[in-house]
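Every read-out reported here was derived from the displayed coordinates using simple, explicitly stated rules and does not represent laboratory data. Model, not experiment: these values are computed from the prediction. No Cβ is skipped: glycine too gets one built from the backbone with ideal geometry, and neighbour counts run over all protein chains shown.
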Amino acid sequence: MYKIAVLPGDGIGVEIVPEAVKVLKAVGGKYGHDFEFTEGLIGGAALDAVGEPLPKATLDLCYNSDAVLLGAIGGPKWDTLPVHLRPEAGALLPLRKALGLYANLRPATLYDALIDASTLKKEVIEGIDFMVIRELTGGLYFGEKKREKTATGQVAIDTMVYSTEEIIRIARLGFEIARKRKKVLHSVDKANVIESSRLWRETVIELAAEYPDVELIHMYVDNCAMQLVRWPKQFDVIVTENMFGDILTDQASMLTGSIGMLPSASIGGKIGLYEPSHGSAPDIAGQKKANPLATILSAAMLLRYSFNLNDEAAAIENAVVQVLNSGYRTPDIMESGGKPVNTEEMGDRVVEQIVGY
Ligand code: NAD
């Protein structure tokens, strides 16, 4: 029996999450697992219902679950509220913090069937399949921030802080994941200029002694940004600090075509959080146009990283490949000759593949 907290959230979140739940139920049925799903409120939906974006009941639900499946939160209705009440600052960041999620994993996998959906040349992106591991709770985003008045205006100061412990735990995850893949780890920093990057590099080099089977390659972040579009196939696992990872993962997402295809996992604590990389897409919400595959693939990551159910995760991923190869397309990935499906129909096609119709 595995307990899964289900937080659909706002906008397309309420359309895509039920599709992922449907797929998880199909996998559970096929492999004989009992998944128990309990829904909770988060984001704008929680604000409207109980006046706060991350109610205690939702936090308790997450603490009492084995994993959390999230849709997306936010929307224009709540954009003008004070920052602490806005869905992202008031719910998503505190939830990640409360669950101790210090690592964000984003795979960049290009499905052959979607090769024409990317803006890059086919020969550059064909076959890419790498993982970016971003540190999620340290660095510039969490360091001290302040403003000071000067004679002519103001000075704004952000602080980039990393401790040896924070670097070791994320780098270790990088080595462990690299070990299960092609045994090549790119550690991305800016050690030629930034002190926290120098500590990062020294620490990663020391840790590498424990992983002699993994080839460690250091790369400056500016070079990495360039290499990602020049020759992305050189990468298998990238590990980097918070802000560099934020920027590089968005860049990597475009290699694979649509943001509607990109899953993510935030791990590090006892309970992992799985969500698509995109937001609540208010422009298409309620129209059954949303692509549920990023959320369905996030559910596959949930099975792999929280429950260690690797065959079951692969069953979902293979089903997605089959559905794409069969030509089914939501509007965001539509191409000439594609078979149009709505959100629910795309979920149905994946379920059919899993149960083996
Ligand atoms: P977005 O990711 O919601 O949408 C960007 C574009 O991608 C839109 O054109 C949208 O239609 C499209 N898109 C996104 N997901 C799609 C899918 N599954 N299928 C098809 N098309 C899809 O980003 P945004 O417009 O900048 O933000 C909208 C709202 O989402 C904002 O309130 C923002 O704060 C919030 N947001 C939430 C999260 C989160 O919950 N983790 C992340 C990012 C943005």
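Mean projected area of the Cα convex hull of the stretch 119-255, taken over all directions, amounts to 9.7 nm². Partners of residue 25 within straight-line reach, counting lysines whose Cα lies under 20 Å from its Cα and excluding those fewer than 8 residues away in the same chain: 3.
Listed by chain and number, the aspartates and glutamates placed with their C-alpha closer than 15 angstrom to that of residue 77 are 10, 48, 52, 88, 283; residues fewer than eight positions away on the same chain are left out. Centroid-to-centroid, using Cα positions, the stretch 194-247 and the stretch 118-174 are 12 Å apart.
Grouping the Cα pair distances of the chain into 20 Å bins from zero gives a pair-distance distribution of 29, 59, 12, 0 percent in increasing distance order.
Taking amide H positions as modeled 1.01 Å from N, with prolines and chain starts lacking one, the residues under 5 Å from residue 73 and 5 or more places away or on another chain are 10, 280. Please give me the summed charge of the neighbours of residue 223: other residues whose Cβ is under 15 Å from its Cβ, Lys and Arg +1, Asp and Glu -1. Taking every Cβ under 15 Å from that of residue 223, the sum is +1. Measuring nothing but alpha carbons in the stretch 223-357 and taking Rh as the Kirkwood radius, the Rg to Rh ratio lands at 0.98. If both residues of a DSSP beta bridge must be in the chain, then about 40% of such bridges are antiparallel. Taking other residues whose beta carbon is less than 14 angstrom from the beta carbon of residue 154, and scoring Lys, Arg as +1 and Asp, Glu as -1, yields +2. Considering only 231, 157, 167, the residue lying farthest towards the positive end of the dipole of the stretch 119-255 is 231, judged by Cα position with unit charges set on Cβ.
Charge tally for residue 22 (other residues, Cβ to Cβ under 10 Å; Lys, Arg +1; Asp, Glu -1): -2.
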